[in-house]
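Bear in mind that the values in this text are calculations on the coordinates, not laboratory data. No experiment lies behind these values; they were computed from the predicted model shown. Every residue, glycine among them, receives a Cβ derived from its backbone with ideal geometry; neighbour counts consider all protein chains shown.
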Amino acid sequence: MRTLIQWLSYQKRLHHNAIDLGLDRVAQIWTNLCGKDFDCPVILVGGTNGKGSTIQYLRSVYQTAGYAVGTYTSPHILRYNERIILNNCEVSDQQLIDAFEAIESVRSDIPLTYFEYGTLAALWLFALSKPDVILLEVGMGGRLDAVNILAHDLAIITNVSLDHMEWLGHDIDTIAYEKVGIARKDKPLIYAEQDVPKSIEDYCAKIGAKLVVNGYDYILTESADGKLQWFHAGEKIDGIPLPQIAGQHQIHNMAAALYVFCYFRKILPVTDHDIREALSRVRLAGRFDTIAHSPEIIVDVAHNIAAICDFVENVRQTNSVGRKIAIFAFQKTRNCQPILAKCTGVFDKWYVCPLRETPSYTSRELCQILRGTVPEVEVEESVSVSAALVQAICKTDPADVIFAFGSFYTVSEVMMELGV
């Protein structure tokens with residue numbers, strides 16, 4: 001019998017492409033495995049950034065209210081098991097192995113990608129455990145993403161910005177069209193920001209989906225006491241705490257989650273107290289996340305332009321009397337020059353390095369790009385994220401702040417080095 005590590009290694013080798021967008025193969029295997037939709041509400045969350053935090057808001061409130069929640073997200077930071085959560089617990093290695101064996105028993109010669117295997121495993125485990133509500137994060141795009149095989153009850157698009165352009169398109173409207181493919185006839189499609197791409201409006205009108213837009217169909221405002229108030233069609237929730245996850249966009253994500261609680265209030269009722277209590281303690285690993293002190297070390301998985309802009313704004317607002325030190329590693333599949341350009345004038349010193357488990361820029365390549373992009377930058381090349389972290393800690397004062405960012409892999413390596 002394969003171990004979990006052996007299963008994951010096998011899945012990475014099974015398909016000749018790491019990404020193969022399309023629903024036919026996954027839908028066929030799901031039919032062979034189970035062949036039916038779920039009896040409980042199923043919520044899909046797509047968008048460029050903020051999917052994970054939106055799911056965290058939903059999961060926290062429903063769990064606080066006493067519901068059994070099945071959650072599927074990706075990628076993970078430290079353990080593959082993080083991707084599938086049942087009743088606030090990561091699934092075990094054995095549960096994953098059982099799921100993979102069930103998939104393999106009906107797969108025949110149909111090729112699956114690593115992500116598709118994980119998606120089917122999550123759905124199979126949810127079919128066994130029968131949670132009260134299921135939350136699914138779209139991996140990439142939406143229209144052809146594996147989670148889109150289900151007849152779900154509500155979908156959220158957090159925002160749309162430029163990312164995965166080699167797969168989704170080179171302009172906002174084209175990318176938005178791929179993401180809005182998770183909309184369903186007569187079901188709500190929540191757009192968590194206010195400037196709705198035209199392709200989203202057109203697609204929802206074409207198929208008869210109910211487009212729900214932040215600032216029009218619901219409003220979240222800050223009151224004089226520093227709390228938030230949420231309004232929708234005569235309903236009001238007040239005394240809502242500000243998001244504990246950094247970033248102005250988190251208010252949009254929280255507001256979208258509040259609409260979900262309102263929409264499902266007859267079959268999944270939650271109290272205002274549940275909402276306030278749960279949202280006051282929501283955290284999300286790897287999102288402007290302080291993981292050490294003296295020196296302070298903050299990690300962030302930001303890896304596209306929109307996320308980097310939010311990250312840079314958070315860095316600028318950091319209350320520090322010392323220097324701001326960057327540790328940066330970046331996947332080779334992406335253009336890092338625009339990312340680095342957004343960081344001009346933000347950091348006092350950089351440590352650049354390659355990643356361990358995925359194709360990435362070398363430290364020399366990053367150094368050259370950085371010096372050509374950020375004038376008069378102080379930069380050191382390191383052989384690994386681990387080495388960069390050791391160098392940075394040894395050469396900083398207690399008042400300095402170290403920021404490690406660029407990908408999930410970067411954050412993972414830093415957290416593993418520190419034993420977080």
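The Cα atoms of region 323-392 give a gyration tensor whose axes a ≥ b ≥ c have a/c of 1.5 or more with a/b no greater than b/c, which makes the shape oblate.
Taking label positions 7 Å along the Cα-Cβ direction at both ARG13 and ILE267, the computed distance is 4.4 nm, reported to one decimal.
The Cα atoms of region 289-418 give a gyration tensor whose axes a ≥ b ≥ c have a/c under 1.5, which makes the shape rounded. Values of log10 I(q)/I(0) for region 48-147 across q = 0.10, 0.11, 0.13, 0.21 Å⁻¹ run -0.27, -0.32, -0.45, -1.15, by the Debye formula with one identical scatterer at each alpha carbon and no solvent. The three principal axes of the C-alpha atoms in region 108-262 carry coordinate ranges of 61, 39, 32 Å, sorted with the longest axis first.
Take each peptide in 250-262, 98-110, count the other Cβ atoms within 10 Å of every residue, and average; sorted highest first, the result is 250-262, 98-110. If you take the beta carbon distance between GLU277 and GLN28 as r and set R0 to 35 Å, what does 1/(1 + (r/R0)^6) give as a FRET efficiency, to the nearest 0.05? Working from the Cβ atoms, E equals 0.20. Normalising the Debye intensity of region 152-221 to I(0), with uniform scatterers on Cα atoms only, and taking log10 at q = 0.13, 0.20, 0.21 Å⁻¹ returns -0.34, -0.77, -0.84.
The modelled label-to-label distance between ALA224 and LEU78, using points 7 Å beyond Cα along the C-beta direction, is 4.5 nm.
Taking Rg and Dmax of the Cα atoms in Å as calculated from this structure, the corresponding entry among (1) 50.2, 158; (2) 19.8, 62; (3) 21.5, 62 is (3).
Round to the nearest 0.05 the FRET efficiency obtained for ARG316 and CYS89 when R0 = 35 Å and r is the Cβ-Cβ distance.
The calculated FRET efficiency here is 0.40.
Annotation: for a label point projected 7 angstrom from Cα along Cα→Cβ of THR358, residues of region 83-115 with backbone N closer than 18 Å are 83-84, 113-115.
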